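K.L.:
Got a structure for you, written out below as structure tokens; questions coming shortly.
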Amino acid sequence: MPTFEYAPAPESRDVARVRSAYSLFINGEFVEPTDGRRFKTVSPASEEVLAEVAQAGEEDVDRAVAAARQAYDRIWSPMPGRERAKYLYRIARIIQERARELAVLESLDNGKPIRESRDVDIPLVAAHFFYYAGWADKLQYAGLGADPRPLGVAAQVIPWNFPLLMLAWKIAPALACGNTVVLKPAETTPLTALVFAEICQQAELPPGVVNILTGDGETGQALVTHDGVDKVAFTGSTEVGKAIARSVAGTHKHVTLELGGKAANIVFEDAPLDQAVEGIVNGIFFNQGHVCCAGSRLLVQESIYTDVLSRLKRRMGTLRVGDPLDKNTDVGAINSPQQLAKIRMLSDVGESEGADRWSAPCELPEHGYWFPPTIFTGVSQAHRIAREEIFGPVLSVLTFRTPAEAVEKANNTPYGLSAGVWTDKGSRILWMADKLRAGVVWANTFNQFDPASPFGGFKESGYGREGGRHGLSAYLSGARA
Amino acid sequence: MTRLAVRKTYKLFVGGAFPRSESGRSYAVYDAEGAFLANAALASRKDARDAVVAARKAFGGWSGRTAHNRGQILYRIAEMLEGRRSQFVDEVAAGEGLDRDRAQGVVDESIDRWVWYAGWADKVAQVVGASNPVAGPYFDFSVPEPTGVVAVVAPQDSSLLGLVSVVAPVIVTGNTCVVLASERHPLPAITLAEVLATSDLPGGVINILTGNAAEVAPWLASHMDVNALDLTGVDDQAQAADLERAAADNLKRVTRPPVRRPDWTADPGLDRLTAYLETKTVWHPIGI
Amino acid sequence: MKPRLCPLDHEPGKALRATPYTVPVSTTAAPAGSQIAEITSSDASLRRFLAGLPGVDQVGAEARVATLATRSIKTSAKAFALDLAIRMIDLTTLEGQDTPGKVRALCAKAAHPDPADPTCPPVAAICVYPDLVPVAKDALTGSPVHLASVATAFPSGRSSLDVKVRETADAVAAGADEIDMVIDRGAFLAGGYSEVFEEIVAIKRACVSPSGGPNAHLKVILETGELVTYDNVRRASWLAMLAGADFIKTSTGKVSPAATLPVTLVMLEAVRDFREATGRQVGVKPAGGIRTAKDAIRYLVLVNETAGEDWLDPDWFRFGASSLLNDLLMQRTKLRTGRYAGPDYFTLD
């Protein structure tokens, strides 16, 4: 019997219009880095060099912060909110108009499946700008004081897992509140942020309101420690988050941090099992598991352990791993060789600590950075793979017997970003949601995001909220989330 | 012959009990004129450690109470304080060197502050919580939840009103705390502990240490089971920066020292309440 | 604790943890007949079993379907899917105004859907009302196309059991080798699970060939549009399978909504899990409202990624449709010739 093999269905990459070199975006113009340093950004799916990008140095940071300060003082903060709103609406519309280009570029540079960049990332980016555009002239009604004031110049450093979406989460509320920004995209995923700079030009956003500096960790450090910034917003690792928290100690800078996680996804025996299995898969294999709120610890009630495991493995067998630009790809490439090495290292540790490793049988491409969807069973709370954020498509499976035990295990981590609960019993959902020490609790669903919904962590997952009315308080004076 | 007064031994307040410092140390407290008032316990890092344990132990129960119940208990504290008003007036007057009228004003304001915060217990969630209109078939709501154990360096100059103003907003939402009382004027804090001990407040919700903030605060700032740090009472900027840096080790939520000397009689606003609240967002599908 | 079928390879201690789905697939093991008998022995035990099936979260099920609907099926995959879809069609006419002439035309089209292209496969079956079975039987002589008849007071099912049995036996005697029955939705919704169960069992008995040939295959129409919830769809699917259905079918086509992707997803999960539990494979037939090749391909993707390739065969998956065939033929021609086709070049149904 012939089988139903899906033929390749690649999205055309021509629409991405990748240029061979990109510069810095300072004061409304693309400018060369002062010291002329550049670095390459590659496609993680093929290791092909996509473009050369400028490495911003300290002088570039000075220039960008000065431009942002001038724009803040002279134009953006005095501008009536309704005018700022219209700029943000314009940006949202242009993002929609250029959605396909941005999606393809994001998948090229990041390695994520085009299905996700097209159907999740970019629509959420546009929605985020729409949402915060509407706040710009309503800040006095946000319950954050009668006359809330912007903070000033915001230094924003974002990660590589959702490059443009994280940019939107940072820039949209900052601008709506009247701040100006200097944003540094991640070293491995700078391209969509640079197209966003073009979008700012198309929207005729006043020069200096948004500045984009590409570079590595050094650039980021120079930016967040710069005396001229009033606000630091960072999304990334807990380790770097702590370093930032130390660096701003004793200054006047406001800080919000959205950091790592090790979320428990808890499945009770009365769960809607087929949807729970989808939720488990979505929780850990969405975006190759490069998700701070990924459901990386599966806690299954013992009575259904065998059942859930066999369903999960069967479902993992249908995951399509490969070319990010193929419209049928479910799991794309690991973003960088460094990240791949980390995933491999922690997976090896998992095995050496005695956990059982199982990977979905799938052929991996010859070039590029790849890791198959993998689960570990026989994992205990003490194992490193149950404690450390792997940030890859690797799930640790644990069991529990009672709701109290589930809560205890779920909360037994320094992190507190997200959690999942699967049960058909309403009162148990609310009991669990109350007890879980996490900033987002998804009940009978997972990895849902919306601009109106506050997102952020407890404990070492950081502080401050992004999204919703709460997200405004990160960019207004006298207000905290 | 005048009667010889029976003096009070001022001790620490930890886990609902009044222990001496485990170090056995004490220090002399003087009034504004420099006359001896009492010996206060000089808390050690181990006292701080014990206080954090007590605060953590109390957190689950206290945060699990209904907001209504927490409000009732805060109001009860106000009632108890009112009943011992004159004692506090004496202590504040002596310690801070205020005349009786002004000391009375401070005590009255302190009582009223408890009442004000008591009312917030079952209202703050309605003010800072939300139902979020997401673009999909989901019910999505956000609720404030207490951060956990909060270490507080209380104001140095305002020994009662300042203390109440930093402690009440921390606990009313369900947090528990370890407070370093004013170093120079610690006595009203310990007398307040006697009020707390008779107000149905569970042991460990508020733990009060007296002594040297420079010695004890770093242990609290670096303590990995403390979730937040209020530096309101740290006057030395360099020291505040050090404490903030230490707090980064587990990403404590930090309230920096105020830029200007606070007016404790002013409307407190919401900032101190929301500083120690986390927002939890819950999603659930809507379907049949 | 959920009700359960006893595991086939029974191990003491493990049984307590087993839900109906934990049983390993075993092709050699006999169907768990005695367990089924126990479950279906009373209304109470049947109710307990069906209520113990895992719930279906509507939003999650629909989200899964929406994701699968984005699968892009191109070139060779599309050619495969179009031919497979044609081979899976139960070409249907169920109108009061049906005539022998129309049925004969339909039979001719069923055997040679695209007369201009001999490589075009025949459809799986034609589906008619019982009185037209003799006409169709005659017209299909020598053709591989199966002959399905609706029965049991289609589409409402509102008649006595005796009449339904008699109607079924008539259709079988007249040459139908597949029977599409409707369940008593009223009884199901009122919780009369045993009643529905017994009726399916009775109709299954009436499918026995009077001539001693192979028995007619029984497709049980759940009329999911009237069952409303996916939980009901899952329960009705299990009820029908326990009663002996060879196929479970979504709809009569007379009630809106008819077949939908999420309903079919839930039914595919049910047949997959039923085979895991009992070793017996049951087919699925969405019917009504499937009009375009694009729709059909989405269903095939759903089959492929839910029940698996074992179901990607006309023996295990069917489309109840009429206008769908022409769209499949047009797409097929486009793929072959490289230019878009027009309806004038294909016969009207």
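K.L.:
Can you work out which of the residues in region B:109-133 that are facing another protein chain (nearest Cβ under 9 Å) and without any contact (Cβ under 8 Å) to a residue 60 or more places away in the chain is farthest from C:Gln58 (Cα to Cα)?
P.N.:
Checked region B:109-133; the qualifying residue farthest from C:Gln58 (Cα to Cα) is B:Ala130.
K.L.:
Of all residues in region C:41-76, count the ones that are at the interface with another protein chain (Cβ under 7 Å from one of its Cβ atoms), part of a loop (DSSP other than H, G, I, E, B) and among the hydroxyl-bearing types (Ser, Thr, Tyr).
P.N.:
Final tally of qualifying residues: 2.
K.L.:
Separate question: Among the numbered criteria (1) touching a residue at least 12 places away in the same chain (Cβ under 8 Å); (2) buried (at least 16 other Cβ atoms within 10 Å of the Cβ), which single criterion is violated by B:His68?
P.N.:
(2)
K.L.:
Are any of the residues in region B:74-87 within 24 Å of B:Gly174 (Cα to Cα), touching a Leu at 6+ places or on another chain (Cβ under 8 Å), crowded, with 18+ Cβ neighbours inside 10 Å and free of Cβ contacts under 8 Å to residues at least 40 places away in the same chain?
P.N.:
no
K.L.:
Looking at (1) surrounded by fewer than 18 Cβ atoms within 10 Å (Cβ to Cβ); (2) within 11 Å of chain A (Cβ to nearest Cβ); (3) touching a Gly at 6+ places or on another chain (Cβ under 8 Å), which one does B:Pro262 not meet, given that it meets all the others?
P.N.:
B:Pro262 satisfies all of (1) surrounded by fewer than 18 Cβ atoms within 10 Å (Cβ to Cβ); (2) within 11 Å of chain A (Cβ to nearest Cβ); (3) touching a Gly at 6+ places or on another chain (Cβ under 8 Å) except (2).
K.L.:
Need the failing condition index for C:Asp315 against (1) within 12 Å of chain A (Cβ to nearest Cβ); (2) crowded, with 18+ Cβ neighbours inside 10 Å; (3) under 14 Å from the mean Cα position of the chain (by Cα); (4) over 20 Å from C:Lys74 (Cα atoms), just the number.
P.N.:
Tallying (1) within 12 Å of chain A (Cβ to nearest Cβ); (2) crowded, with 18+ Cβ neighbours inside 10 Å; (3) under 14 Å from the mean Cα position of the chain (by Cα); (4) over 20 Å from C:Lys74 (Cα atoms), C:Asp315 fails exactly one: (2).
K.L.:
Follow-up question, since we're still on this one. Does B:Leu277 satisfy being within 12 Å of another protein chain (Cβ to nearest Cβ) and either out of contact with any Leu (no Cβ under 8 Å at 6 or more places or on another chain) or under 25 Å from B:Phe59 (Cα atoms) (or both)?
P.N.:
Yes; evaluated as a whole, the condition is true for this residue.
K.L.:
Just to verify a result, which residue in region A:369-399, among those that are surrounded by fewer than 23 Cβ atoms within 10 Å (Cβ to Cβ) and of a type in the set (Gly, Ala, Ser), is nearest to A:Leu259 (Cα to Cα)?
P.N.:
Going through the qualifying residues, I end up with A:Ala382.
K.L.:
Which residue, of A:Asp270, A:Asp307, is more than 25 Å from A:Glu460 (Cα to Cα) and free of Cβ contacts under 8 Å to residues at least 60 places away in the same chain? Full working, then the answer.
P.N.:
Values: A:Asp270 fails: free of Cβ contacts under 8 Å to residues at least 60 places away in the same chain.
After ruling out the rest, the residue left standing is A:Asp307.
K.L.:
Looking for something in a loop (DSSP other than H, G, I, E, B), aliphatic (A, V, I, L, M), over 18 Å from B:Leu209 (Cα atoms) and out of contact with any Leu (no Cβ under 6 Å at 6 or more places or on another chain) - is there at least one such residue anywhere in region B:41-60? If you could, list the steps in order and put the result at the bottom.
P.N.:
Keep residues of region B:41-60 that are in a loop (DSSP other than H, G, I, E, B), which gives B:42-44.
In the following step, the residues that additionally are aliphatic (A, V, I, L, M) were identified as B:42-43.
Still in the running and over 18 Å from B:Leu209 (Cα atoms): none.
No.
K.L.:
Would you point out which residue out of B:Ser142, B:Ser131, B:Ser158, B:Ser182 is more than 30 Å from B:Ala48 (Cα to Cα), modelled with pLDDT of 95 or more and buried (at least 24 other Cβ atoms within 10 Å of the Cβ)?
P.N.:
Result: B:Ser142 is the single residue among B:Ser142, B:Ser131, B:Ser158, B:Ser182 that is more than 30 Å from B:Ala48 (Cα to Cα), modelled with pLDDT of 95 or more and buried (at least 24 other Cβ atoms within 10 Å of the Cβ).
K.L.:
What is the residue count in region A:133-147 for residues that are within 14 Å of another protein chain (Cβ to nearest Cβ) and crowded, with 20+ Cβ neighbours inside 10 Å? Even if it seems obvious, please write down each step before you answer.
P.N.:
In the first step, residues of region A:133-147 are kept if they are within 14 Å of another protein chain (Cβ to nearest Cβ); the result is A:134-135, A:141-147.
Still in the list and also crowded, with 20+ Cβ neighbours inside 10 Å: A:135, A:144.
Number satisfying all stated conditions: 2.
K.L.:
Is it true that A:Asp109 is modelled with pLDDT of 95 or more, crowded, with 17+ Cβ neighbours inside 10 Å, touching a Lys or Arg at 6+ places or on another chain (Cβ under 9 Å) and over 17 Å from A:Tyr475 (Cβ atoms)?
P.N.:
When the stated conditions are applied, A:Asp109 does not pass them.
K.L.:
Residues that are surrounded by fewer than 19 Cβ atoms within 10 Å (Cβ to Cβ) and assigned by TED's automatic domain parsing to the domain that holds A:Asp60: list the strands (runs of 3 or more DSSP E) wholly contained in region A:1-49 that include at least 3 such residues.
P.N.:
Once the strands (runs of 3 or more DSSP E) in region A:1-49 are filtered for at least 3 residues that are surrounded by fewer than 19 Cβ atoms within 10 Å (Cβ to Cβ) and assigned by TED's automatic domain parsing to the domain that holds A:Asp60, what remains is A:29-31, A:38-42.
K.L.:
Consider A:Gly283 carefully, then state whether it is assigned to a helix (DSSP H, G or I), within 16 Å of A:Gly261 (Cα to Cα), in the same structural domain as A:Glu408 (by TED's automatic domain parsing) and not hydroxyl-bearing (Ser, Thr, Tyr).
P.N.:
Here the answer is yes, as A:Gly283 does meet what is asked.
K.L.:
Taking the criterion of being at pLDDT 95 or above and over 30 Å from A:Gly241 (Cβ atoms), would at least one residue in region B:240-260 satisfy it?
P.N.:
No; the residues of region B:240-260 include none that is at pLDDT 95 or above and over 30 Å from A:Gly241 (Cβ atoms).
K.L.:
Right, next: Suppose we filter region A:273-291 for residues that are within 18 Å of the chain's Cα centre (by Cα) and either within 14 Å of chain B (Cβ to nearest Cβ) or basic (Lys, Arg) (or both); how many remain?
P.N.:
2
K.L.:
So which of B:Gly15, B:Gly61 ends up being out of contact with any Lys or Arg (no Cβ under 9 Å at 6 or more places or on another chain) and in contact (Cβ under 8 Å) with a residue 40 or more places away in the chain?
P.N.:
Numbers: B:Gly15 fails: out of contact with any Lys or Arg (no Cβ under 9 Å at 6 or more places or on another chain).
Of the residues listed, the single one that is out of contact with any Lys or Arg (no Cβ under 9 Å at 6 or more places or on another chain) and in contact (Cβ under 8 Å) with a residue 40 or more places away in the chain is B:Gly61.
K.L.:
Since A:Ala404 meets every condition but one in (1) surrounded by 24 or more Cβ atoms within 10 Å (Cβ to Cβ); (2) out of contact with any helix residue (DSSP H, G or I) (no Cβ under 7 Å at 6 or more places or on another chain); (3) more than 10 Å from every other protein chain (Cβ to nearest Cβ), which condition does it not meet?
P.N.:
Every listed condition holds for A:Ala404 apart from (1).
K.L.:
Please indicate, with yes or no, whether at least one residue in region C:160-175 is closer than 23 Å to C:Ser251 by Cβ, part of a loop (DSSP other than H, G, I, E, B) and either among the β-branched types (Val, Ile, Thr) or in contact (Cβ under 8 Å) with a residue 12 or more places away in the chain (or both).
P.N.:
Checked against the condition, which is being closer than 23 Å to C:Ser251 by Cβ, part of a loop (DSSP other than H, G, I, E, B) and either among the β-branched types (Val, Ile, Thr) or in contact (Cβ under 8 Å) with a residue 12 or more places away in the chain (or both), region C:160-175 yields no hits at all.
K.L.:
Tell me yes or no: at least one residue of region C:249-256 is part of a helix (DSSP H, G or I) and buried (at least 24 other Cβ atoms within 10 Å of the Cβ).
P.N.:
Taking region C:249-256 as the starting set, the residues that turn out to be part of a helix (DSSP H, G or I) are none.
Looking through region C:249-256, none of the residues is part of a helix (DSSP H, G or I) and buried (at least 24 other Cβ atoms within 10 Å of the Cβ).
K.L.:
Same structure, new question: Select, from B:Asp249, B:Asp225, B:Asp271, B:Asp267, the only residue that is under 19 Å from the mean Cα position of the chain (by Cα), facing chain A (nearest Cβ under 8 Å), surrounded by fewer than 21 Cβ atoms within 10 Å (Cβ to Cβ) and more than 20 Å from B:Ala181 (Cα to Cα).
P.N.:
Working: B:Asp249 fails: under 19 Å from the mean Cα position of the chain (by Cα); B:Asp225 fails: facing chain A (nearest Cβ under 8 Å); B:Asp267 fails: facing chain A (nearest Cβ under 8 Å).
Exactly one of B:Asp249, B:Asp225, B:Asp271, B:Asp267 is under 19 Å from the mean Cα position of the chain (by Cα), facing chain A (nearest Cβ under 8 Å), surrounded by fewer than 21 Cβ atoms within 10 Å (Cβ to Cβ) and more than 20 Å from B:Ala181 (Cα to Cα), namely B:Asp271.
K.L.:
Every residue in region A:242-272 that is surrounded by 23 or more Cβ atoms within 10 Å (Cβ to Cβ), assigned to a loop (DSSP other than H, G, I, E, B) and more than 11 Å from chain B (Cβ to nearest Cβ), please.
P.N.:
A:Gly261, A:Lys262, A:Ala263, A:Ala271 - these are the residues of region A:242-272 that are surrounded by 23 or more Cβ atoms within 10 Å (Cβ to Cβ), assigned to a loop (DSSP other than H, G, I, E, B) and more than 11 Å from chain B (Cβ to nearest Cβ).
K.L.:
Scan region C:265-287 residue by residue and report those that are more than 14 Å from chain A (Cβ to nearest Cβ) and within 24 Å of C:Thr70 (Cβ to Cβ).
P.N.:
Across region C:265-287, the qualifying residues are C:Val284, C:Pro286.
K.L.:
Residues that are on the phi > 0 side of the Ramachandran plot, assigned by TED's automatic domain parsing to the domain that holds A:Pro78 and in contact (Cβ under 8 Å) with a residue 40 or more places away in the chain: does region A:154-176 have at least one?
P.N.:
No, region A:154-176 contains no residue that is on the phi > 0 side of the Ramachandran plot, assigned by TED's automatic domain parsing to the domain that holds A:Pro78 and in contact (Cβ under 8 Å) with a residue 40 or more places away in the chain.
K.L.:
Have a look at A:Asp323, A:Asp307 and point out the one that is crowded, with 20+ Cβ neighbours inside 10 Å, in a loop (DSSP other than H, G, I, E, B), within 14 Å of another protein chain (Cβ to nearest Cβ) and charged (D, E, K, R). Full working, then the answer.
P.N.:
Numbers: A:Asp307 fails: in a loop (DSSP other than H, G, I, E, B).
Being crowded, with 20+ Cβ neighbours inside 10 Å, in a loop (DSSP other than H, G, I, E, B), within 14 Å of another protein chain (Cβ to nearest Cβ) and charged (D, E, K, R) holds for just one of A:Asp323, A:Asp307, which is A:Asp323.
K.L.:
Identify, please: which residue in region C:85-142 is small (Gly, Ala, Ser) and part of a helix (DSSP H, G or I) and is, among those, surrounded by the fewest Cβ atoms within 10 Å (Cβ to Cβ)?
P.N.:
C:Gly101
The values are calculated or read from the model by the stated rules, or taken from the named source; none is laboratory data. Values in this document were obtained by computation on a predicted structure and should not be read as measured data. Methodologically, a virtual Cβ is constructed for each residue, glycine included, from the backbone with ideal geometry; neighbour enumeration extends over all protein chains shown.
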